[in-house]
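Heads up, the thing below is written out as structure tokens.
The values are calculated or read from the model by the stated rules, or taken from the named source; none is laboratory data. Everything quoted here is computed from the prediction, not taken from an experiment. All Cβ positions, even for glycine, are placed from backbone atoms using ideal geometry, and neighbour counts span all protein chains on display.
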Amino acid sequence: MKKIHIINITLNIITFLGISSLIFFNKFYSADSIFDRSIHSVFEVKCETEGDISYGSAVAFEKDLLVTNFHVISYNTTTTRKIHDFIMLRSPFSNDYFECTVKTYDENNDIAILEKMSSVKLEIKTIKTAKKNSKPGEKCFAIGNANNLGIGITEGNIVNNSVSIKINDFSRKMIQANVTSSNGSSGGALLNKKGELIGITTLKLVDSYGLL
């Protein structure tokens with residue numbers, strides 16, 4: 001009888017620990033938890049040139065440095081793309097934009113690095129970058145300024161962690177995920193199930209009918 005009691009007690013402890021771990025995992029890695037831990041690292045972007053205004057998102061990855069897409073901070077001319085005259089950032093917790101400078105960019109890879117001006121008194125919290133690649137089927141989250149309505153989050157899954165997309169005769173290796181995105185999402189953060197940065201939201205795939 002003692003052995004049975006010991007086995008029962010052991011099984012109960014294992015079951016309790018398993019349920020507790022599951023509850024903790026689901027709570028810690030839920031969309032609202034990921035959003036709360038990441039919102040201080042994702043900013044709205046507003047770009048303007050002679051009355052032409054566009055919007056996007058940016059992610060803080062180092063002290064005073066943020067990454068976004070090149071197409072967010074640039075516009076088309078008859079012959080090439082040019083950097084907007086004014087590029088501004090806004091925190092989800094502020095009503096005011098602050099100017100930033102373009103530190104560097106890579107047009108082919110559609111990446112730009114922005115730097116907060118030293119005169120701007122704003123604490124920027126850097127986001128943690130993932131050390132491992134996410135696998136297809138794993139949960140992921142996209143955080144950005146969708147439709148310029150403020151920083152929000154959508155949830156989905158990794159479809160392909162290395163897909164080749166050819167744009168303007170230049171091939172890029174990208175992560176494909178089935179998260180919802182729209183105008184303004186570009187430059188936002190793609191996070192893994194732990195809330196770590198795995199990519200930057202860049203474009204959405206459509207078929208020949210214009211559907212996702």
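Structure notes:
- Residue match in segment 150-168 (condition: closer than 26 Å to ASN95 by Cα, of a type outside the set (Val, Ile, Thr) and either assigned to a strand (DSSP E or B) or modelled with pLDDT of 90 or more (or both)): yes
- Residue within segment 114-129 that is modelled with pLDDT of 90 or more and of a type in the set (Asp, Glu) present: yes
- Within this structure, LYS135 fails the test of being outside the structural domain of VAL67 (by TED's automatic domain parsing), surrounded by 12 or more Cβ atoms within 10 Å (Cβ to Cβ), outside any strand (DSSP E or B) and of a type in the set (Lys, Arg).
- Looking at segment 35-131, the strands (runs of 3 or more DSSP E) lying wholly inside it that each contain 1 or more residues that are aromatic (Phe, Trp, Tyr) sit at 42-49, 52-62, 74-76, 86-90, 98-106.
- Verdict on ILE87 being in contact with a Cys (Cβ under 7 Å, 6 or more places away or on another chain) and either modelled with pLDDT of 90 or more or within 19 Å of ASN145 (Cα to Cα) (or both): yes
- Residue tally, condition touching a helix residue (DSSP H, G or I) at 6+ places or on another chain (Cβ under 8 Å) and crowded, with 16+ Cβ neighbours inside 10 Å, over segment 110-132: 7
Table: residues versus (1) within 18 Å of the chain's Cα centre (by Cα); (2) over 20 Å from GLU196 (Cα atoms); (3) of a type in the set (A, V, I, L, M); (4) surrounded by fewer than 14 Cβ atoms within 10 Å (Cβ to Cβ).
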{"position": "ASP36", "(1), (2), (3), (4)": "yes, no, no, yes"}
{"position": "ASP52", "(1), (2), (3), (4)": "no, yes, no, yes"}
{"position": "ALA58", "(1), (2), (3), (4)": "yes, no, yes, no"}
{"position": "ASP64", "(1), (2), (3), (4)": "yes, no, no, no"}
{"position": "ASN76", "(1), (2), (3), (4)": "no, yes, no, yes"}
{"position": "ASP85", "(1), (2), (3), (4)": "no, yes, no, yes"}
{"position": "ASP96", "(1), (2), (3), (4)": "no, yes, no, yes"}
{"position": "THR101", "(1), (2), (3), (4)": "no, yes, no, yes"}
{"position": "GLU107", "(1), (2), (3), (4)": "no, yes, no, no"}
